[in-house]
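Engineer: First the structure, then my questions, so here it is.
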Amino acid sequence: MKLPKKPKRKRGRPRKGEIRPPKEPTRLHKQLSRSSGEALRELDSACAWGCKKNSQGNVQFWKGYKLHLDVTDVGIPVTAVVTGANVHDSQTAIPMEKLTERNITHLYSLMDSAYDAVEIRDYITARGRVALIDQNKRRNDSRKPMDAAGKKRFRIRSTVERSNSHLKDWLLPSKLMIRGYTKVTFCLMSGVLCLAAMKILQYYILPALESAA
C-alpha cells in the first residue's frame, strides 16, 4: 500500500492570509527527548553507499557500513555504534553522548565540524559539559571563533583519528568478506575490544609495572 505523497511546499514567503503547516521537527530535535536505543534504532543499519572527505580534501566513496567511535583523551573506546555507510556522523552524536555519560564522567565533548548543530551543542551544554565543536564554514556565520584555551584543548581530538587509524592498520581486515549487519558488527566490535585492551595496557598497566620494577 502506497502512502499519499506530501504536497510540496511553495517557495518564498506565504501569501497574505495563507496558513502553512508547521515544519516537522528534525531527527536531531527528536533525539533530544528519546532514549539512546530508540534513536539508534531509527538510523539506517543496512549496507549502503557512503562518502567522506579525507584529510587531503578528496572525497572517498565506499559501500558497506560505518563505525562511529567515542574515545577518551588517551584513545580508550567508550562507545561504539555501527550504522549503514550513508548515515551522517551528526545523526549518532546525541545517542552516543547519552551512552557515554552512563559509563564515564567527562567535562568536554570534542567534535569536528560535521557535528556543528544547535541541537548537539544544546544537549551537551544542558548536561553541564563544554562542547568544543569545530565550526562548520557557513555563510553569514556571526558566531565567535573558539578561544585560545578551547583551541588548545581541541587538539586532543586527534586522538580519535589515531584510534581509527590503529583499528584500520592493525586490528581490522582491509576488506570484510562477510555480509549482514550482525556479522559486520561482531567483527568491528572485536577490533574495538582489542583496541581498548591495547590502550589500557599502554597507558595504565605497563607504566605501573615499570614504576614498580
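Engineer: Using DSSP to define loop residues, name the trypsin sites (Lys or Arg not before Pro) in region 77-142 whose beta-carbon has at most 13 other beta-carbon atoms within 10 Å.
Structural biologist: For trypsin sites (Lys or Arg not before Pro) across region 77-142 that sit outside H, G, I, E and B with at most 13 neighbouring Cβ atoms in 10 Å, the list reads Arg127, Lys137, Arg138, Arg139.
Engineer: So who's got an amide H within less than 5 Å of the one on Ser45, skipping anything under 5 residues away but keeping other chains? H placed 1.01 Å off N, in plane.
Structural biologist: Gly84
Engineer: Right, another one. Assuming a ≥ b ≥ c are the square roots of the Cα gyration tensor eigenvalues, decide whether region 21-136 counts as rounded (a/c under 1.5), prolate (otherwise, with a/b larger than b/c) or oblate.
Structural biologist: Verdict is rounded for region 21-136.
Engineer: Once you mark the GluC sites (Glu not before Pro) that are in a DSSP loop and have at most 16 other Cβ atoms within 10 Å, what is the longest gap between them in the chain?
Structural biologist: Longest site-free region, per DSSP loop and neighbour criteria: 43-213.
Engineer: Measure off 7 Å from each Cα along the Cα-to-Cβ vector at Ile19 and Ser113, then give the distance between these two points in nanometres to one decimal.
Structural biologist: It works out to 4.3 nm between the two label points.
Engineer: Helix-only estimate, please: 222 nm mean residue ellipticity of the chain, summing -39500 (n - 2.57) across DSSP H runs of length 4 or more and dividing by its residues, to the nearest 500.
Structural biologist: Values: 8 runs with 74 residues, N = 213.
Counting only the DSSP helices, I get -10000 deg cm²/dmol.
Engineer: Note down the magnitude of the dipole of region 90-153 about its Cα centre, charges +1 on Lys and Arg C-beta and -1 on Asp and Glu C-beta and zero elsewhere, to the nearest 20 debye.
Structural biologist: On the way: 13 positive and 9 negative charges, 39 e Å.
So the magnitude is around 180 debye.
Engineer: Something else: Give, rounded to the nearest 20 debye, the magnitude of the charge dipole that the chain has about its Cα centre when Lys and Arg contribute +1 at Cβ and Asp and Glu contribute -1 at Cβ.
Structural biologist: About 1700 debye.
Engineer: Considering only Leu201, Leu43, Leu99, give the residue with the highest GNM mean-square fluctuation for the chain, with springs between Cα atoms whenever their separation is below 10 Å.
Structural biologist: Sorting by GNM fluctuation, first place goes to Leu201.
Engineer: I've got another one for you. Comparing Asn164, Asn136, Asn86, which has the greatest mean-square fluctuation in the GNM of the chain with Cα pairs linked when under 10 Å apart?
Structural biologist: Result: Asn136 has the largest fluctuation of those listed.
Engineer: With springs only between Cα atoms under 10 Å, which of Ile19, Ile124, Ile178 fluctuates most in a Gaussian network model of the chain?
Structural biologist: Ile19
Engineer: For Met189 paired with Arg129, estimate the spin-label separation in nm (one decimal), with each label point 7 Å from Cα along the Cα-to-Cβ line.
Structural biologist: Spacing of the two 7 Å Cα→Cβ label points: 2.1 nm.
Engineer: Go through region 190-199 residue by residue and turn each phi into a ³J(HN,Hα) via Karplus (6.51, -1.76, 1.60, θ = phi - 60°); whole Hz please, and just put x for glycine and proline.
Structural biologist: Coupling constants for region 190-199: 5, x, 5, 4, 5, 4, 4, 5, 4, 5 Hz.
Every read-out reported here was derived from the displayed coordinates using simple, explicitly stated rules and does not represent laboratory data. Not measured: the values here are computed from a predicted model. Counting neighbours? That spans all protein chains shown, and the Cβs are built from the backbone with ideal geometry, glycine included.
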